[in-house]
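Peer 1: Below are the structure tokens for one structure; questions will follow.
The values are calculated or read from the model by the stated rules, or taken from the named source; none is laboratory data. Everything numeric here is computed off the predicted structure, so don't read it as measured data. Cβ sites come from the backbone with ideal geometry, for glycine too, and all protein chains shown count toward neighbours. What goes into the accessible areas is simple: the full protein's heavy atoms, side chains included, and nothing from ligands, DNA or RNA. Shrake-Rupley method; radii C 1.70, N 1.55, O 1.52, S 1.80 Å.
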Amino acid sequence: LDAAVAQLQEVASACQGMNLDQDEAPPILDDLLPSVHCALTMACTSWRWLETPEPKTVLPAVVLNALIWAEESDHLGEVDRLLGQGYRSIKVKVGRQSLEKASAAVGMLKQRVASRALLRLDGNRAWSTEEAGRFGVEVGVGGIDYIEEPLRGPGDLTRCWQQTGMRVGLDETLI
């Protein structure tokens, strides 16, 4: 997070006083962290959309994910707090611990959440296809909306989905 903030500050300094619609983009924009690149792209797209004179269509509501780490000691208490705040989608980081611990944590979360929210898992590109398949079979697809970035490499995503039945999402693989 500190690196992203520092990079955003560098970009702000480099772009100060520029008309990015007319001036050539500064070279600093070529080597951005994926998260910074995504944030700036979204901000520019939103700005351009707001600046266009055409009538705007109302966009549908977006469900925001709350975020927890499966290894938190009180993840069940945290889920209760988030549900109480109105979150209906909870993203759970599962790739930072052993498959057994991640499976057990997701099992407890599924029971706690029941039908009150969607569970969206994030494997953080931590597993082989076999490990992801084992995890998917252990936790089952019920109550899981999808798993994001389960594999170290994207080559076997179709096989992962076939083994688990779990929908797969991509994030940093796309950048």
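Peer 1: Would you mind finding the one in ARG125, ARG120, ARG116 that is of a type in the set (Lys, Arg), assigned to a loop (DSSP other than H, G, I, E, B) and either in contact with a strand residue (DSSP E or B) (Cβ under 9 Å, 6 or more places away or on another chain) or touching a residue at least 60 places away in the same chain (Cβ under 8 Å) (or both)?
Peer 2: Answer to the selection: ARG125.
Peer 1: Which one of ALA3, ALA14 is part of a helix (DSSP H, G or I) and either exposed (fewer than 11 other Cβ atoms within 10 Å of the Cβ) or in contact (Cβ under 8 Å) with a residue 60 or more places away in the chain (or both)?
Peer 2: None of the others qualify; the one that does is ALA3.
Peer 1: Condition first: surrounded by fewer than 16 Cβ atoms within 10 Å (Cβ to Cβ) and at pLDDT 90 or above. Can you find one or more residues in the range 143-153 that meet it?
Peer 2: No.
Peer 1: So which of LEU8, LEU67, LEU50, LEU83 ends up being open to solvent by 80 Å² or more (accessible area, probe 1.4 Å) and either touching a strand residue (DSSP E or B) at 6+ places or on another chain (Cβ under 8 Å) or assigned to a helix (DSSP H, G or I) (or both)?
Peer 2: Sole residue among the options that is open to solvent by 80 Å² or more (accessible area, probe 1.4 Å) and either touching a strand residue (DSSP E or B) at 6+ places or on another chain (Cβ under 8 Å) or assigned to a helix (DSSP H, G or I) (or both): LEU50.
Peer 1: Against the conditions (1) assigned to a helix (DSSP H, G or I); (2) modelled with pLDDT of 90 or more; (3) buried (at least 18 other Cβ atoms within 10 Å of the Cβ); (4) not aliphatic (A, V, I, L, M), where does ARG134 fall short? Just the number, please.
Peer 2: Of the numbered conditions (1) assigned to a helix (DSSP H, G or I); (2) modelled with pLDDT of 90 or more; (3) buried (at least 18 other Cβ atoms within 10 Å of the Cβ); (4) not aliphatic (A, V, I, L, M), the odd one out for ARG134 is (3).
Peer 1: Further, regarding this structure: Among the residues of the range 27-36, are any loosely packed, with under 14 Cβ neighbours inside 10 Å, within 16 Å of the chain's Cα centre (by Cα) and either assigned to a helix (DSSP H, G or I) or at negative phi (or both)?
Peer 2: yes
Peer 1: What number goes with the only condition from (1) under 23 Å from HIS37 (Cβ atoms); (2) part of a helix (DSSP H, G or I) that THR158 does not pass?
Peer 2: Single failed check for THR158: (1).
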